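Report on one structure; see the data block that follows.
The values are calculated or read from the model by the stated rules, or taken from the named source; none is laboratory data. Keep in mind the model is a prediction, meaning the values are calculated, not measured. Using ideal geometry, Cβ is built from the backbone for each residue, glycine included, and neighbour counts are taken over all protein chains shown. Ligands, DNA and RNA are excluded from the accessible area calculation, which covers all protein heavy atoms including side chains. Shrake-Rupley method; radii C 1.70, N 1.55, O 1.52, S 1.80 Å.
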Amino acid sequence: MKRLLPAAIAALALSAGLPATAQDWTGQLTPYVWATGLGGDLTPRAGAPTLSFDKSFSDVLEDLDGAFFLSGYARRDRLVILGDLSWSSSSREGLVPPGLPASGKLTQRSLTLLAGYRALEAEGVAVDLLAGARAWSIKSSISVAAGARTASPRESFVDPIVALRANVALAPRWSAILYADLGGFGAGSESTSQIVATANWQANDNLYLSAGYRMLNVDYESGGTRMDVTMSGPLFGLTWRF
């Protein structure tokens, strides 16, 4: 497709991108599965108990209640547009002082939109520098002693972020994507960060298969609500390039 892609579908590329012809737009969409687990501390409101989530890798699918993820990529010459739309819901049970049973749930929606510049394009390597924002909508809940005490606030905020993306050719039909971003800086959350690494196999001219790992962290505090959580786990994507 040789026209500007709508910003709503521009997203974080999880598969190999190829150089665009000058003045032409290229793009790709990637629905993907992220088997995300949850770790960290959750305090829904001032005075409410803090529930700690401590997962192991084997807990990833057990903790996940549901998820939807879509990403994509657009480039024209050295201009790059990326983004990511994600929704996930994870829950966990545990104990809070003085040993009371408690359950907690975290549902997050985030939309990341970035624009940037292809700073390096050499033999088998391309590096993009980007900046933009990540919009969050997070609902946390905690129930103590079978509902004797509950809290369920919802928080929405926007974080500025800066990012780096590298595309490395490994072999014929094989490539790797390395992506990292950092943001928050006290403007929305205290901090947010993300790391994505994938290996990508080109099935044909328009189809790629990807597998890798993603970790997304947010540390947010406002009005007694505190969330310091990390969502991480393996991902698998199917990319259509056009």
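What to note about this one:
- Scanning the range 34-78 for residues that are loosely packed, with under 15 Cβ neighbours inside 10 Å and modelled with pLDDT of 70 or more yields a total of 5.
- Residues in the range 217-228 include at least one that is of a type in the set (S, T, N, Q) and under 13 Å from the mean Cα position of the chain (by Cα).
- Search result, residues across the range 223-242 that are open to solvent by 20 Å² or more (accessible area, probe 1.4 Å) and within 22 Å of S88 (Cα to Cα): R226, D228, T230, P234, F236, L238
- Within the range 112-144, the set of residues being at negative phi and modelled with pLDDT under 95 comprises E121, A122, E123, W136, S137, I138, K139, S140, S141, I142, S143, V144.
- Selected residue (criterion: nearest to G224 (Cα to Cα)) from residues of the range 113-132 that are in contact with a Leu (Cβ under 6 Å, 6 or more places away or on another chain) and of a type in the set (G, A, S): G132
- Complete set of residues in the range 149-207 that are among the charged types (D, E, K, R), within 24 Å of G72 (Cβ to Cβ) and open to solvent by less than 40 Å² (accessible area, probe 1.4 Å): D159, R165, D181
- Residues being surrounded by 21 or more Cβ atoms within 10 Å (Cβ to Cβ) and free of Cβ contacts under 8 Å to residues at least 24 places away in the same chain - total across the range 208-222: 0
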